[in-house]
1. Tell me the accessible surface of I260 in square angstrom (1.4 angstrom probe, heavy atoms of protein chains only), to the nearest ten.
2. Based solely on its DSSP helices, what 222 nm [θ] is calculated for the chain when runs of n ≥ 4 H residues each add -39,500 (n - 2.57) and the sum is averaged over all residues, nearest 500 deg cm²/dmol?
3. Roughly how many whole Å is it from the C-alpha centroid of segment 515-576 to that of segment 243-270?
4. Collect residues whose amide H, placed 1.01 Å from N in the peptide plane, falls under 5 Å from the amide H of R516; neighbours closer than 5 in sequence don't count.
5. Which far-off residues, 5 or more places away or on another chain, put their amide H under 5 Å from the one on M103, with H placed in the peptide plane?
6. What nm value, rounded to one decimal, do you get for the distance between Y69 and K420 when each label is placed 7 Å out toward the C-beta?
7. Between [x] 28.9, 89; [y] 27.4, 94; [z] 30.6, 90, which matches Rg and Dmax of the Cα atoms in Å calculated for the structure shown?
8. Just to check I understand the Karplus step: with θ = phi - 60° and J = 6.51 cos²θ - 1.76 cosθ + 1.60, what whole-Hz values come out for segment 44-54, glycine and proline as x?
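The values are calculated or read from the model by the stated rules, or taken from the named source; none is laboratory data. Quick caveat, the model's predicted, so the values are computed rather than measured. Using ideal geometry, Cβ is built from the backbone for each residue, glycine included, and neighbour counts are taken over all protein chains shown. All accessible areas refer to the heavy atoms of the entire protein, side chains included, with ligands and DNA or RNA removed. Shrake-Rupley method; radii C 1.70, N 1.55, O 1.52, S 1.80 Å.
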Amino acid sequence: MSVADTTVQDNACLGGLTRQLVTDRLLTYDKAAQACVAAASAGIPVVRQLVQSGTLRSRAIAETAARQYRLPLLDLAAMDTLQLPLSLVDARLIRKHNVLPLMQRGKRLFLAVSDPGDHNAIGEVRFHASSQVELVVVEDDKLFDTIETVLSTKGAVPACSVNENTHGHNDIVIERIEEDAKALTGESHGEDDAPAVRLVNSILLDAIKRGASDIHLEPYEKIFRVRFRLDGKLKEITRPPLSIATRICSRLKIMSRMDISEKRTPQDGRIKLRISRTNAVNFRVNTLPTLWGEKLVLRIQDPSSTRLGMDELGFEPDQKALFLNALEQHQGLILVTGPTGSGKTVSLYTGINILNTQDRNISTVEDPVEIQLEGINQVAVNSKTGLTFATALRAFLRQDPDVVMLGEIRDMETAEIAIKASQTGHLVLSTLHTNSAPHTLTRLMNMGIPAYNIASSVTLIVAQRLARRLCIHCRKPVKLPKRILLQEGITENQLDTITLFGAAGCEKCNGGYRGRVGIYEVMPINDLISRAIMENAGAIAIADIARETGIRDLRASALQKVALGITSLAEANRLT
């Protein structure tokens, strides 16, 4: 016997079920050792490691377990999950030990397990349940999927819960869904749809609690997974049974007022979820037909985000002053630029919210309307009826506007009308997809806008990114050589005064980060930059002029956030 085999034989995980799998020649000693190490590293049961790695099929493991321990083998598909006595075992124990209470008969609690040899787990459940436990063997993958489903639908999913609520509510409760499925269809849901309804509600609420920006529901050939975008990164949350994927999709399409019979083309919809008497969250829903069914993505839009204030968004005092000064002007064009998902909409709406007073007529045209605000005349683009950005903007100019907002300048026609509006006594706000403030000017030139029109109309350009905030509970100091810091852009004056922090990770964050903060390049169009525009200067030349006049570019702004301990140098390097 090799040294590796001896190590495995001495390892506790080879006792019980794992030892029997080796004895039955379903598993070699070497693979048993690898599974034990991998399971311990991942913090999961060794049975699940064997199944997820494809080393053994869950059915073969279950049959071996039932034979070795002389226990009944159950197919969980035969159980009514709505009748499971989940209250008898704490949800955290169910997840921790991969067990599921099936039924109670007198003082006996029948417990579904995939590894009957895990005596520590079974003993802990027996102690907390204060009952005599009878074991029933089930397949590990089916047990895992069923646990995810029943705990989610019961609203008790610790893996999807958080200790802090990013919206300031201790308890998030659905008071009302704007369009109930019964009202839309004229039919009530049957009992078969109840798990899907509860699971959908649980997913929506949990996404709000976690502060997610997007929800992805993705069907594949053998799995159906739910992922949240947390602090800019996608993270898998749960895998509901593939059998209810269609019902979940239909439920969301009904709530979004979509055509549930149309599954061949993409659709767009909206859900409004009221989470308190004074606060509601909007979900923008899009479906996409894929090879294995419809994928749904929900963008979470919280109107309260526009009331956070510029300081909370990450504007430095000097940048805030420049932005507010531009908003106070009676005419001009303010452009917010950056890639998709950089927070342009929130910045734009923050400005609009500041301008939203009774003495101003404000109109917006968007595709689609992102956030609904009272007191704002909001128009959604509709290509089917010919309502484009350009036609809506022309109509606005006949509506006696003070402030006009365009969701995006996409073509020369829209750009020309926006510039003409800004030159005739209107304040215009819009967005562009460019990498920096100087590149915005060259982009307008490349679209065919004359240089003199750009120089005379554009008053301010805000380029931005969203960086992940370091978790204040677990961030750790990081020491780097001075040579590296100087290469990264840290100045000589900062070397002896700043303390760099890096991500660590704890139960209160997502891999060392919690929340996001804006990184901004706020560039007013001053006389020097206007002269450069008239001379058809390129983006590099304009950037040099901006730097000489004291305007921080995105890199400098990111390093300032690093110096303040708000984010990490690694995150700054990722974005700039």
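1. 70
2. Details: 24 runs with 223 residues, N = 576.
One gets -11000 deg cm²/dmol as the mean residue ellipticity at 222 nm.
3. Rounded to whole Å, the Cα centres lie 43 Å apart.
4. Here R469 satisfy the definition.
5. Long-range HN contacts for M103: F110.
6. So the two model labels end up 7.8 nm from each other.
7. Checking each listed value against the structure points to [x].
8. 10, x, 5, 4, 5, 4, 4, 6, 5, 7, x
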